[in-house]
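Where a number appears in this text, it was derived from the coordinates with a stated rule and is not lab data. Please read these numbers as outputs of a predicted model, since none were measured by experiment. Because the Cβ atoms are built from the backbone with ideal geometry, glycine has one as well, and the counts that use them run over all protein chains shown.
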Amino acid sequence: MLIQVVKSKIHRVRVTQAELNYVGSITIDEALMEASDLVEGERVQVVNINNGERLETYVIKGDRGTGTICLNGPAARKVAVGDMIIVIGYGYMTPDEARSFKPSLVFPNELTNLIV
């Protein structure tokens, strides 16, 4: 049996853009993606701290070192620029693997979204 566990998390990152007229997804600064072990195209859950919204989408790589966090397409309706969000990636593993697995957790600077 496999269970789903937290694999990656970017905790309390500020939304810098919301682009309604886009196919869909969340654009994340490449440095944040690497630090949190997220890959382009990976399915993620986005939790909006400001309004309680939760949504699922996939990751697109943003420019490195910019702090970009942009919700695209329909997800843009679920956030406002400046909202604080949590981005969570999950992985499947056996219960035995999960007991010793350590997720990649990132706590960026809340003003710049850059890794401290």
So Val15, is it touching a strand residue (DSSP E or B) at 6+ places or on another chain (Cβ under 6 Å) and more than 28 Å from Glu97 (Cα to Cα): yes
Filtered residue count, the stretch 83-100, keeping only those that are surrounded by 13 or more Cβ atoms within 10 Å (Cβ to Cβ) and assigned to a loop (DSSP other than H, G, I, E, B): 1
Residue in the stretch 92-103 that is touching a Leu at 6+ places or on another chain (Cβ under 9 Å) and at positive phi present: no
Residue in the stretch 47-58 that is in contact with a Leu (Cβ under 9 Å, 6 or more places away or on another chain), closer than 15 Å to His11 by Cβ, in contact (Cβ under 8 Å) with a residue 24 or more places away in the chain and outside any strand (DSSP E or B) present: no
Selection count, the stretch 29-46, where residues are under 21 Å from Gln4 (Cβ atoms) and either assigned to a strand (DSSP E or B) or more than 9 Å from the chain's Cα centre (by Cα) (or both): 9
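Yes/no matrix, rows are residues, columns are (1) among the hydrophobic types (A, V, I, L, M, F, W, C); (2) over 17 Å from Val116 (Cβ atoms):
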position: Val13; (1), (2): yes, no
position: Gln17; (1), (2): no, yes
position: Ile28; (1), (2): yes, no
position: Ile49; (1), (2): yes, yes
position: Arg54; (1), (2): no, yes
position: Gly67; (1), (2): no, no
position: Ala80; (1), (2): yes, yes
position: Ala98; (1), (2): yes, yes
position: Ser104; (1), (2): no, no
Qualifying positions in the stretch 46-69 - buried (at least 16 other Cβ atoms within 10 Å of the Cβ) and polar (S, T, N, Q): Asn48, Thr57, Thr66, Thr68
Residues located in the stretch 61-82, provided they are in a loop (DSSP other than H, G, I, E, B) and under 13 Å from the mean Cα position of the chain (by Cα): Gly67, Thr68
Output for the stretch 10-41, where each listed residue is charged (D, E, K, R) and either crowded, with 18+ Cβ neighbours inside 10 Å or in contact (Cβ under 8 Å) with a residue 60 or more places away in the chain (or both): Arg12, Arg14, Asp29, Asp37
